[in-house]
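K.L.:
Got a structure for you, questions after.
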Amino acid sequence: MKILYFSPIYWGDLKQRPQHLAEELAKMPGIHITFVEPSISILNSIVRQNSDYKKREQSVNDSLRIFRPSGSLRLPRSFESLDIFHWNQWFEKRQLQDLVSSADIIWLGSPVFYPLIKHINNKKIVFDRMDDYVFLTNNALMKKLLKKWELELLAKADLVISTSNDLYKHSLSLNKQSYLVKNAVDAAILNINVDSLVVSDLRRLKHEGYHIFGYVGAIDHWFDIEMVKAIIEFDERFIVCLVGRNNLTYNFGQHSRIKYYEPVPKSEIGAIIEAFDVCLYPFLRNSNRIDTINPVKIYEYLSLNKVTLAVESEETRLLNQEGVYLYNSLEEIRQYLIDIDTLQLPFYDQGRLENFVVNNDWKARAKTILELLIKELQ
């Protein structure tokens, strides 16, 4: 089974669902994956003064290879709303011709790739609906395009896999071959015996008597800054540690007890989470679109048996997990902070913790997906 796997995330980026699933599926007998990275327009490379627009090929192993089409003749995708003759896609399609013809399954990890396969009718199409893509972008042109492409892809796909109940229910209303396969934990983060400057800093702060609340992940327009400020304002012993790419204009450095750190290698994440006293899932509750997000962060926190304060959403409610304390307001957060030392751990024994990890790692999710591929597409 040859799968042409279009990923919205580059292979070398922070490892997320696309890389994990491609890697795990490629380990299974008889499966060969070509992982297609998004092309980078030459204008983007000129602005950033790099050569990333060039074609890239890499062999990971006998069953997994990476391919990035050249973007030397391509404008940014948001211009495609003005491209009535589809010249922006022509060069990319040409580079992908041989890969498409030899594939048994074309896997799309985002509707942004839909125009490239729109007119292909002799291949099985899988849409892995990882996120609410329209919600996640702030680009008005891309919002319009993504909404259009996603609806068309939902109608065309032979199999739709959604990560959250909200997305699944919507997918099912438009495509009867829809299934729910949630996110998972990367078991590799359980290795906490690694060197990390962030961990060293946190240990120093704990030694000085501080109680550390922490979040690891992207910081963007969905991030609740007021929640973080409420924690540090509640008690002078409380420190909030944020680790990840900051896409906001907000300067966290203006607060002495908010410690912001640039993104770290994935190998350090487990050790950093282990150093937290309480983990945070601080997303804004100002839109019902938060219900579309299956919180991979909380899976990571739980795999290290960490108490977690999380905004209430459909997905966090469905976890129904001890040790995950849900809130809807700053006042509810303050009530937890009053008795912060009494909050209970998610798992009371090692056996239950290990069972959680085994049933919720990427190997388990890939096995479920393979069963769906065999059932629905062969």
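The values are calculated or read from the model by the stated rules, or taken from the named source; none is laboratory data. Everything quoted here is computed from the prediction, not taken from an experiment. Every residue, glycine among them, receives a Cβ derived from its backbone with ideal geometry; neighbour counts consider all protein chains shown. Note: areas computed on protein heavy atoms with side chains; ligands, DNA, RNA excluded. Shrake-Rupley method; radii C 1.70, N 1.55, O 1.52, S 1.80 Å.
K.L.:
In this structure, does ILE232 turn out to be modelled with pLDDT of 95 or more, in a helix (DSSP H, G or I) and open to solvent by less than 40 Å² (accessible area, probe 1.4 Å)?
P.N.:
yes
K.L.:
For the stretch 213-229, name all the residues that are outside any helix (DSSP H, G or I) and over 23 Å from ASP131 (Cα atoms). Step through it out loud before you land on a result.
P.N.:
The initial filter retains those residues of the stretch 213-229 that are outside any helix (DSSP H, G or I), namely 213-224.
If the condition is that a residue be outside any helix (DSSP H, G or I) and over 23 Å from ASP131 (Cα atoms), then PHE213, GLY214 are the ones that fit.
K.L.:
Which count do you get for residues in the stretch 27-56 that are in contact (Cβ under 8 Å) with a residue 24 or more places away in the chain and within 21 Å of ILE117 (Cβ to Cβ)?
P.N.:
Going through the stretch 27-56, the residues in contact (Cβ under 8 Å) with a residue 24 or more places away in the chain turn out to be 27-28, 30-45, 55.
Next, from what is left, pick out any that are within 21 Å of ILE117 (Cβ to Cβ): 31-41, 55.
Going through the stretch 27-56 one residue at a time, the tally reaches 12.
K.L.:
Additional query: Test each condition in (1) out of contact with any His (no Cβ under 9 Å at 6 or more places or on another chain); (2) part of a helix (DSSP H, G or I) for PRO115 and report the one that comes out false.
P.N.:
(1)
K.L.:
What strands (runs of 3 or more DSSP E) completely inside the stretch 245-334 contain at least 1 residues that are closer than 23 Å to ASN360 by Cβ, of a type in the set (Gly, Ala, Ser) and open to solvent by 40 Å² or more (accessible area, probe 1.4 Å)?
P.N.:
Ranges flagged: none.
Matching residues to (1) assigned to a strand (DSSP E or B); (2) at pLDDT 90 or above; (3) aromatic (Phe, Trp, Tyr); (4) within 16 Å of ILE3 (Cβ to Cβ):
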| site | (1), (2), (3), (4) |
| --- | --- |
| SER101 | no, yes, no, yes |
| ILE106 | yes, yes, no, yes |
| HIS119 | no, no, no, no |
| PHE127 | yes, yes, yes, yes |
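K.L.:
Could you list, in sequence order, the residues of the stretch 30-54 that are over 21 Å from VAL100 (Cα atoms) and open to solvent by 70 Å² or more (accessible area, probe 1.4 Å)?
P.N.:
Those that are over 21 Å from VAL100 (Cα atoms) and open to solvent by 70 Å² or more (accessible area, probe 1.4 Å): LEU43, ILE46, VAL47, ARG48, GLN49.
K.L.:
While we're looking at this one, here's another question. What pairs come up if the first residue lies in the stretch 329-348 and is over 16 Å from PRO282 (Cβ atoms), the second is β-branched (Val, Ile, Thr), and their beta carbons are under 6 Å apart, counting only those six or more places apart or on different chains?
P.N.:
Partner pairs satisfying both residue conditions: LEU343/VAL307.
K.L.:
Please go through the stretch 148-168 and give me each residue that is within 16 Å of ASN122 (Cα to Cα) and aliphatic (A, V, I, L, M), ordered by number.
P.N.:
Answer for the stretch 148-168, where residues must be within 16 Å of ASN122 (Cα to Cα) and aliphatic (A, V, I, L, M): LEU153, ALA155, ALA157, LEU159.
K.L.:
On to the next question. Going through the stretch 157-195 one residue at a time, which ones are part of a helix (DSSP H, G or I), open to solvent by 50 Å² or more (accessible area, probe 1.4 Å) and either among the charged types (D, E, K, R) or at pLDDT below 90 (or both)?
P.N.:
Across the stretch 157-195, the qualifying residue is only LYS169.
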